[in-house]
Every structure is written in C-alpha cells, then in structure tokens.
Amino acid sequence: MSDATLHDARQNPDDFAVSISDSIESFIVAVTEVAKGDEPDSAVPFLLLEVSQLLLAGGRLGAHEDIVPDERYEPDTGPEPDVDDLRERFAALLDPVDIYSEVFDPYVPRSEPVACRISDDLADIITDLRHGLAHYRAGRIVEALWWWQFSYLTNWGPTASAALRALQSLVAHVRLDQPLDELDGLDTDSGVNGDGDEERLAEEAGKVMAAEIAAPLGLRELRGT
C-alpha cells in the first residue's frame, strides 16, 4: 500500500497492518540485540538509525484516520514482559551520555526542560510496542493497530522523538567536534533549575568532551573538522 492511499477507507487494513507490524518487530529485535552489548562501538549510530526508522512507521500511524477497535474493552494480553534488564543494559552501555534534557511539550508556553534517560526511553518504547504486538499475534489486528496508533500519539511517539533528538545531537556533537555543554549534575530524579542538587548524579557533572566519548560510542569526526 502506498502512502498516497493512506486515508482510503476501502484499502485492505491487513496490508497496512503487516507493514506496521514488520517495522515494529524489526525495531524490537534490532534494539534488543544492541542492548546485549556485543558491539558497543556501534551502539549510538545504530540506535539513531533504528529509532529513525521506527518513527517512520509512527508517522504513518499518526497520519492515518482514527482506528476504531472492534470491542469496547481491550482484551487482556497477559503479563507484560519485564524490561528492567534491557533498561539496565542500555544505562550501562550509554554511560555517561544516557541523561539528557527535553521539553515535554513544545506548544506549552514557557515549558521547563525535564531530565530524561535514553535507556528509560528505549525500554518504555519497547513495552508499548510489545503490547500491541501481543494483540497482533493473537489475531486481533484492528486492536493492535488501535493500540499502536493510540500509544504513538500519547507515549511512545513523543518518547521516541525525544530519544531521537538526543541521539542525533550526540552524533552531531562528536562528528562536528563540538564539546557537549556542562551537564551540571543533571539527573532524572531532580529538576533542571537547581532544585534537588543533593539528588543529582555526581558522575554526570562537568563537561563531557567529544574526544572522550567518540571512540567508545563508535563515532568518528568528520574530515576537515
């Protein structure tokens, strides 16, 4: 199915569902492999690519007409798979650049930036995607599409967009030989305006130089920079 017929109510929903589910399953498999840490030198560039590709599927869900589930109440998908191990693996793999700041809603006037973690983002995204995939594998195609569309708009879409921005910024800082700004002990358990200084992570304080993080994260400087 081409994107030109995205809003055509007569289209076969299975074609769209297969395309979306393939993209989502590919993302889960690929990112889970990265979390194993077998190739840490390529982690950041690979995550940049995978999150970018996932957001293409998300964009198609967001642009699609509202998907209405067949049943009034969502069927039970069973227990959610634990993602704590995945979260911890990414936290170790991405240290010391796991924490970044993000404006939660760019359309809220004078929004304050909040501290986030790429490791938390990836684990949360996979949790949402797996939930829909459970519906899909159980044959509840419309339910899966509804969940993926709804959670894209409410959770995993904004989360993936924020993570992508952080990953792209990290790559740009290193490739353009631009040192990262001082993080001043930024931590997800405290604000970014000076509140809760005692709770901030000491290891995140100071300036993280591009030269120090390029090699471990598999990034190289551009020629001539």
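What the table shows:
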| item | result |
| --- | --- |
| Euclidean distance between Cα centres, region 112-130 to region 17-89, Å | 12 Å |
| Cα pair count fraction exceeding 16 Å, expressed as % - region 86-161 | 58 percent |
| Computed label-point distance, nm, for sites ASP14 and SER111 using a 7 Å Cα→Cβ extension | 4.0 nm |
| Region 1-152, accessible area per residue, ligands and nucleic acids excluded (1.4 Å, Å²) | 54 Å² |
| Kirkwood Rh and Cα Rg combined as Rg/Rh, region 1-133 | 1.01 |
| Inverse mean reciprocal Cα-Cα distance (Kirkwood Rh) of region 64-119, Å | 15.3 Å |
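The values are calculated or read from the model by the stated rules, or taken from the named source; none is laboratory data. Small disclaimer: the values here were computed from a predicted structure and weren't measured. Note that each Cβ is placed from the backbone with ideal geometry, even for glycine, and that neighbours are counted across all protein chains shown. In case anyone asks, the SASA skips ligands and DNA or RNA and just uses the protein heavy atoms, side chains included. Shrake-Rupley method; radii C 1.70, N 1.55, O 1.52, S 1.80 Å.
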